[in-house]
Every structure is written in structure tokens, then in C-alpha cells.
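Below is one structure, written out as C-alpha cells; the observations come after it.
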Amino acid sequence: MKLSDLSESSLRDRLAGEGLTLRIAPVAARIRSEVPAVAEGLRLHYADYELLDGEAFCDFHIRISPPANLRRWFRRQVRFLHDGISPFEPMPWEHAFPVFEWGLNWCMANHFHQYLMIHAAVIERADGRAAILAAPPGSGKSTLCAGLVARGWRLLSDELALIDPRALTLTPIPRPISLKNESIEVIRRFAPAAVLGSVSHDTHKGAVAHIKPPRESVRRAAEKARAAWIVFPRYQAGAPAEPKPFLKARTVLRLAENAFNYAAFGETGFRALVGLADACGCYEFSYGDLGEAVRVFDALPAGER
Amino acid sequence: MAADRYRLVDPDRWVLSPQWTDESLAYDRASADTHVLSPIARDIIEALRSAERASSAQELVQALAANVEDHDPAALHAAVEAMLLEFVRLGLAERTNP
């Protein structure tokens, strides 16, 4: 049974009651919330995800709820709770769905240490070759990811590369793609068919909106991928879309900088990143035009090392 | 006077990446630090590892010369000596009594 099989009222009732248990690729999460924006966001963005039995084992128990103070009614706020503990300060009520997304990212980054995790988007070309787009926030990673997904690349993740440290496979966790500020309009123009949720204004990251992950990417969420390219993208107004080969040693160091848990893996983490860099084409990539960037990615040479 | 001889403090301490163009990496099991190695640094580590006994700078120059095209022997010797001193300073290598 999928989330889209639930009526709107059943979804709200479950969220407000015993909780909604979702299979989000390798993760099972039980979500509780009485906040309408959470129900609306889940209904739109997670429609194709599998519902699990309420008794199923869950990795994360999440609650989005108003704080127990005056902010329940006045300048309303929501807080994110994981196992009853709130890792963040409360945030405005209107930002409830982004709060859920950020909270789930936090849960993954802090608790899912069976994978070496890198802050990166991962997408797979139709020929089965995947690219890891590793970059800090604000570099145009999600815009490029959304553009590639709109042109048929499979979405594995917009946020987290989950690397099996021994097999070096990439485990998908296809979730909504988070766009910020100018990127929202860029994608509206570039991919009018993309399903874009409502825009949350004035968050600590500016205006934020999410794109629903393609149904096919969700359907194939159990299919692992292999990286063929490691790319460090950077949006730069007016820059030609140009991949420049990047030294493999520097690639390893840059991946380690963007990793959430490299140090925790010790030698195994080193061997994993070295193995990935050794097997992949490694590039720095500046782009100023999304269409041009997508064409470059579509033509990236297979098997280059 | 006999030349100084050098050996790695703990040869098993290092995990090396493949020898890539221009740079490679060494992971230090003792500190969990990752270091970037220039080609000459990498060659010296490998030569010290494979040597049966502590090596002099001159022996290392001879071992490395095969990997360096059109090298200036004096410049290579100076580079090897400088790198050995750096290794000693970092605690990676030690001098032994000749």
C-alpha cells in the first residue's frame, strides 16, 4: 500500500494519532504531526512511498508539533522531535514541511553510520552510470540535480551519498529535492512539468521549495548504483559549462571535507574514498546555464579514469 | 664520516593510495590523519619500506633515479635530503647509527 492510497482525512488522522509509518528507501520512519502543512507536504511529495504496518520496526520516530508554550497559539511555531528530543530550536509554523525534511536529514546524518555519508547529490544516467555531486550549500548542487532529474536521470538523493564502505555501491534514498531562492524560478522555467510544492519564505535558508521525486526513482529505490563520476559543481553566472579534471588525491580530501562521518570510519573510510576516486572520473565543474550543464553531463565519457 | 641512514619509524603505520598523477595519499593509522604526498615523498616512503636496512640519502637517490627522467643528480640529492629531514621532523622517519 502506498501513501497515495490513503484519503486526505485518513492521512491526517494517522499523522495526528498513532503515526504514519513510511518506507523511505533504506529507512523506516514513523511520523506524527497535527500540523496540516506536514500532511500536505507528505501527501504531495511522498505519495509513491510504501506505507508500513504500524508495528513495523522503525529507524526514526519523528514528531512535528507545536511547542508547549504560548507559541502554540501566538506567532505559532513548530518543533522537530526525534525520539522525543528536539535537536533544533522551534521554527515558524509555516515552515513545518521544510522542518520535517531538515529533521530527517539530521536523523540520517547523525544516526545512519552503516554508510559513509557525504553531503552530495547522487543521480544515475540512463546507461547505469552514477554521478556524485559533492558541494557545500549554495553551490548550485540541487539545481543541477533537479535539472538532470527533469531530463531523465534517476534520482538517488539530493542531499546524501550513502556509500557502502566496502562494496563502494551507492544506496538510493530518493526524497524531495530542496530548492532555494533563485533556483526555484530556474527550475520552474527549465522543467515546467516538475511537481513543485509550495514555497516557504523567510526560512533561515531563504525561500525554500521542494520537488517531488519522480515515481520511477522511488520505484527503483532498492536498486543500488555505482559511481562513474565525482563532480564538484559550482554555479557561476555567465560561466561556460566546463568539466575540468580534478586530481584524485584532492578529490579524496574534498569528499572527506564534505562527509558527515569520514573520521568515524578510520582506515576503512580512507580506503573507500580512495577506491571511489580511483574508479571514477573526477571533475570540478562550473556552470552558468542549466541546459548547457545538462548537455555536458549527458555526454560525460563513460569509463574515463 | 659515515653518512646518516634513515628508516621509517613504523612501516606498517601507513596506508598508501595508488600512485596517481602528481599526487597520492597516505593514511596514518596512528593519528587517523590523511596526508598528501608529492611523487618524491611517495617514492622515498616506498623505498624505505622495501629496503632491508636503513638507507642513506645516496642509496635513496640511486633507487629513485630510475623514476625521474633527465634528473640533475645534485638537485635530486638535495631534494631527497630535504624530504628526509622533513620526515624526521614529522616523526615519520628516524636516523639510525651508521
How many percent of DSSP beta bridges within the protein assembly as shown run antiparallel, rounded to 5? 75
Placing each pseudo-label 7 Å from Cα in the direction of the beta carbon, A:Asp289 and A:Asn110 end up separated by a distance in nanometres of 4.4
Which three lengths, in whole Å and largest first, does segment A:204-256 cover when its Cα atoms are put on their principal axes? 36, 32, 25
Given GluC sites (Glu not before Pro), DSSP loops and at most 15 other Cβ atoms within 10 Å, the longest exposed-site-free stretch of chain B is B:1-51
Which percent of the Cα-Cα distances in segment A:43-118 go past 15 Å? 63
Förster radius 45 Å - calculated FRET efficiency between B:Arg13 and A:Ile85 (Cβ-Cβ, nearest 0.05): 0.65
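How big is the C-alpha Rg of segment A:152-305 next to the rule-of-thumb value 2.2 N^0.38 Å, as a ratio?
The reported ratio for this selection is 1.11.
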Trypsin sites (Lys or Arg not before Pro) within segment B:42-98: DSSP coil, no more than 12 neighbouring Cβ in 10 Å: B:Arg53
Give me the one-decimal nm value for the distance between modelled label points at A:Ala126 and B:Ala82, 7 Å along each residue's Cα-to-Cβ direction. 5.4
Per DSSP loop assignment and a cutoff of at most 16 other beta carbons within 10 Å, chain A keeps its longest run without exposed chymotrypsin sites (Phe, Trp or Tyr not before Pro) at A:89-305
As an exercise, identify the GluC sites (Glu not before Pro) in segment A:18-86 lying in DSSP coil whose Cβ has no more than 16 other Cβ atoms within 10 Å. A:Glu18, A:Glu34, A:Glu55
Beyond 21 Å, what share of the Cα-Cα pairs of segment B:5-96 is found? Please give it as a whole percent. 26
Between segment A:223-259 and segment A:157-214, how many Å separate their Cα centres? 18
In whole Hz, the Karplus estimates of ³J(HN,Hα) for segment A:266-280 (6.51, -1.76, 1.60; θ = phi - 60°; x where Gly or Pro) are x, 4, 4, x, 4, 4, 5, 5, 4, x, 5, 4, 5, 8, 10
Residues meeting the amide H criterion for A:Phe88 (H placed from the backbone, H to H distance under 5 Å, 5 or more places apart or on another chain) are A:Phe80
When the chain is fully extended, how far beyond the present Cα-Cα distance does A:Asp5 get from A:Ala279, taking 0.36 nm per residue of separation? 94.4 nm
Over chain A, what is the mean sequence separation of C-alpha contacts under 8 Å (at least six apart), divided by residue count, expressed as relative contact order in percent? 16
What value in Å³ per residue do you get for the convex hull of the alpha-carbon atoms in segment A:70-153? 129
Whole-Hz ³J(HN,Hα) for each residue in segment B:73-84, computed from phi via Karplus 6.51 cos²θ - 1.76 cosθ + 1.60 with θ = phi - 60°, x for glycine and proline: what do you get? x, 5, 5, 5, 4, 5, 5, 5, 4, 4, 5, 4
Cross-chain or 8 or more residues apart, Cα under 26 Å: how many lysine pairs in the protein assembly as shown fit that? Count them up, please. 12
Grab the DSSP H runs of chain A that are 4 residues or longer, score each as -39,500 (n - 2.57), total them, divide by all residues and round the 222 nm result to the nearest 500 deg cm²/dmol. -9500 deg cm²/dmol
Using the basic label-point model (7 angstrom from Cα toward the beta carbon), what is the A:Asp53 to B:Thr21 distance in nanometres? 5.6
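How much FRET efficiency would the formula 1/(1 + (r/R0)^6) give for B:Asp72 and B:Arg95, where r is the Cβ-Cβ distance and R0 is 30 Å, rounded to 0.05?
For B:Asp72 and B:Arg95, the calculated efficiency is 0.75.
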Over all viewing directions the Cα convex hull of chain A casts an average projected area in nm² of 15.2
Neighbour-limited loop hits for trypsin sites (Lys or Arg not before Pro), segment A:80-160 (at most 11 other Cβ within 10 Å; DSSP other than H, G, I, E, B): none
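We did not get these values from a lab; they are worked out from the coordinates using the rules stated. Nothing here was measured: the structure is a model prediction, and the numbers come from that model. Every residue, glycine among them, receives a Cβ derived from its backbone with ideal geometry; neighbour counts consider all protein chains shown.
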